[in-house]
Amino acid sequence: MRVLITGGAGYIGTHTMLEVLGAGHEVCVIDNFSNSAPEALARVKTLSNRSFTFHKADLRDREGLTMHLKAFNPDAVIHFAGLKAVGESVEKPLEYYENNVQGTINLLQAMKAAGCQNIVFSSSATVYGDPDFLPITEDHPLRSTNPYGRSKLHIEEMLRDLAISDPDFTAAILRYFNPVGAHESGRIGEDPSGIPNNLMPMIAQVAVGRRAHVKVFGNDYDTPDGTGVRDYIHVVDLAKAHVAALDWTQSHTGARAFNLGLGQGVSVMEMIDAFAKASGREVPYVNAPRREGDIATCYADPSRAQAELGWKAQIDLAGMCETCWLWQDTNPLGYKTKT
Ligand code: NAD
Ligand code: WQD
């Protein structure tokens with residue numbers, strides 16, 4: 001299959017490229033490197049031992065996108081590109097709507113011009129807001145509490161509308177829970193710029209000595225140990241789900257959402273303990289106030305993805321921590337580390 005990947009240089013994109021190339025598909029990547037580095041793609045090339053096409057292009061440039069899509073003529077698109085920091089989205093909502101929503105409209109129009117009707121889209125568990133029930137099924141009511149989440153919700157709704165308007169249109173909407181970990185080679189991984197927003201990269205930077213301690217945001221939640229509970233999923237498991245979703249688009253039509261998680265809740269303190277064990281390093285932490293907008297508990301019912309995509313997460317919490325540590329320990333400065 002000919003697969004065009006937007007945002008392929010990013011954290012989930014690089015891991016997915018390895019799986020998609022490994023499955024024998026032809027790949028064309030589009031990225032503007034606003035949150036990634038060319039080095040990440042260079043490493044994907046070495047690890048996969050495959051070549052692929054790359055265009056430095058921006059989703060906001062509809063003409064450029066259309067030109068690249070027409071030239072590559074993809075059978076399907078995997079769409080990762082977008083901005084993803086919740087806090088930043090509250091400060092800069094227009095940037096989020098422009099990159100995520102307008103960018104996706106441009107992409108969908110370019111797909112139409114190129115005759116491509118299959119898309120795999122990166123959505124997020126954030127579209128469920130503070131859940132009414134657990135585990136969260138795909139039929140849970142949708143809501144969002146910040147511009148980032150609303151951008152995902154708007155895009156999901158556009159995809160559902162398109163599927164109604166065009167009986168040949170297919171969208172696999174993948175709702176990721178909390179992606180963590182790194183490739184088993186330790187050569188690619190998550191490389192946040194500035195202070196990490198998310199728990200796992202923060203723990204990793206504390207373990208490697210870049211930061212003094214983890215701030216535990218709230219220890220008085222209604223959870224077994226009082227700290228926030230999430231459904232962490234290894235990024236390679238997530239990447240494999242995209243290959244399964246690509247296959248799904250070839251024999252289905254319509255827009256369908258799939259939860260991608262393990263279906264297990266892990267608390268902040270359990271994650272800190274598991275990481276300390278996997279790395280053999282101390283992970284100092286301090287208790288801090290709750291972070292605004294955070295919820296107590298969130299975990300998936302991933303059974304639809306298993307039944308319909310034939311996909312199930314395989315890697316446990318220890319594997320998530322071990323691979324994240326291998327990446328962090330061998331690349332303490334991320335892709336800027338001299339190797
Ligand atoms: P990332 O920032 O590492 O990757 C996104 C990539 O898109 C980057 O390489 C960036 O340079 C590129 N990009 C951004 N805006 C662009 C634009 N306008 N034009 C071209 N390229 C652009 O993020 P990630 O963690 O790999 O996430 C990938 C997708 O998954 C995003 O859509 C994100 O919202 C979604 N998601 C991520 C998480 C998570 O926790 N990482 C959870 C749920 C959903
Ligand atoms: C996990 C837990 C924090 C950092 C976010 C987005 C979501 C999705 C994934 C894109 C929570 C606690 C965190 C720290 C802490 N992204 N924590 N100290 O908030 O579940 O989800 O990333 O779609 O939309 O909201 O993930 O890793 O930030 O937090 O105590 O320094 O760790 O309070 O309980 P979250 P996270």
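Just so you know, all these numbers are worked out from the coordinates, no wet-lab data involved. Bear in mind the structure is a predicted one, so any value in this text is a computation, not a measurement. Note that each Cβ is placed from the backbone with ideal geometry, even for glycine, and that neighbours are counted across all protein chains shown.
Using just the helices of the chain, give the 222 nm mean residue ellipticity in deg cm²/dmol: DSSP H runs with n ≥ 4 each add -39,500 (n - 2.57), and the total is spread over all residues, rounded to 500. It would help to have the intermediate numbers written out before the result.
On the way: 11 runs with 127 residues, N = 339.
It lands at -11500 deg cm²/dmol.
Could you please report the charge total around Ala255, scoring K, R as +1 and D, E as -1 over all other residues with beta-carbon less than 15 angstrom from its beta-carbon?
Values: positive: Lys152, Arg160, Arg175, Arg256, Arg304; negative: Glu138, Asp139, Glu156, Glu157, Asp161, Asp166, Asp168, Glu308.
With Lys, Arg at +1 and Asp, Glu at -1, the net is -3.
Using Cα pairs under 8 angstrom and six or more residues apart, how large is the relative contact order of the chain, in percent? Walk me through the numbers on the way to the answer.
On the way: 692 pairs, mean separation 64.7, N = 339.
It comes to 19 percent, rounded to a whole number.
Can you figure out the FRET efficiency of Glu63 with Ile195, using R₀ = 41 Å and their beta-carbon distance, to the nearest 0.05?
On the way: r = 36 Å, r/R0 = 0.89.
Here the calculated transfer efficiency is 0.65.
Quick one: if you stick a label point 7 Å off each Cα along the C-beta vector at Lys336 and Leu134, how many nm between them?
3.8
Scan around Lys215 for amide H atoms under 5 Å from its own, H built in the peptide plane at 1.01 Å from N, and keep only partners 5 or more places away or cross-chain.
Val286
Dipole size in debye (nearest 20) for region 213-339 around its Cα centre, Lys and Arg Cβ +1, Asp and Glu Cβ -1?
Working: 12 positive and 16 negative charges, 96 e Å.
Once rounded to the nearest 20, the dipole reads 460 debye.
Any chance you could tell me what percent of the C-alpha pair distances in region 16-143 go past 16 Å? Present the calculation step by step, with values, prior to reporting the outcome.
Values: 5597 of 8128 pairs.
For region 16-143, the share of Cα pairs beyond 16 Å comes to 69 percent.
Size of the dipole of region 88-155 about the Cα centre, Lys and Arg at +1 and Asp and Glu at -1 on the beta carbon, nothing else charged, in debye to 20? Mind showing how you got there, number by number?
Numbers: 5 positive and 8 negative charges, 54 e Å.
Its charge dipole is roughly 260 debye.
Placing unit charges on C-beta atoms (Lys and Arg positive, Asp and Glu negative, everything else neutral), compute the dipole magnitude of the chain about its Cα centre in debye, rounded to 20. Walk me through the numbers before you get to the answer.
Working: 31 positive and 40 negative charges, 190 e Å.
I would put it at about 920 debye.
I'd like the orientation of helix 38-48 relative to the chain: the angle between its Cα long axis and the longest Cα principal axis, in ° from 0 to 90, rounded to 10.
80
Counting only chymotrypsin sites (Phe, Trp or Tyr not before Pro) that are in a DSSP loop and have at most 13 other C-beta atoms within 10 Å, tell me the longest site-free stretch of the chain.
Longest gap between qualifying sites, sites excluded: 134-339.
Within 10 Å of each residue's Cβ, count the other Cβ atoms and sort His25, His154 from fewest upward.
Numbers: His25 21, His154 17.
Exposure proxy ranking, most exposed first: His154, His25.
If each residue's Cβ is checked for other Cβ atoms within 10 Å, how do Glu88, Glu292 rank with the fewest at the top?
On the way: Glu88 16, Glu292 11.
Ranked by crowding around the Cβ, least crowded first: Glu292, Glu88.
Report the Cα centroid-to-centroid distance between region 24-64 and region 281-339 in angstrom, as an integer.
Region 24-64 and region 281-339 have Cα centres separated by 24 Å.
For region 69-179, what relative contact order do you get, as a whole percent, if you take Cα pairs closer than 8 Å and at least 6 residues apart? Could the numbers behind the result be given before it?
Working: 140 pairs, mean separation 37.8, N = 111.
Normalised by residue count, the contact order of region 69-179 is 34 percent.
Using Cα-only point scatterers and the Debye equation, what is log10 of I(q)/I(0) for region 118-261 at each q in 0.11, 0.21 Å⁻¹, rounded to two decimals?
-0.52, -1.39
Taking only the alpha-carbon atoms of region 181-339, what semi-axes of the equivalent ellipsoid follow from 5 times the gyration tensor eigenvalues under a square root, in whole Å, largest first? Please list the in-between numbers first.
Details: eigenvalues 163, 90, 33 Å².
Whole-Å semi-axes of the equivalent ellipsoid: 29, 21, 13.
Determine how many Å³ per residue the convex hull of the Cα atoms of the chain encloses.
On the way: hull volume 40.7 nm³, N = 339.
Normalising the Cα hull of the chain by residue number yields 120 Å³.
So if R0 is 45 Å, what FRET efficiency would Asp166 and Glu282 give, r being the distance between their Cβ atoms, rounded to the nearest 0.05? Can you show the working numbers first?
Numbers: r = 55 Å, r/R0 = 1.23.
After rounding, the FRET efficiency stands at 0.20.
Label Asp220 and Gln306 with points 7 Å out from Cα along Cα→Cβ: what is the distance between them in nm?
3.8
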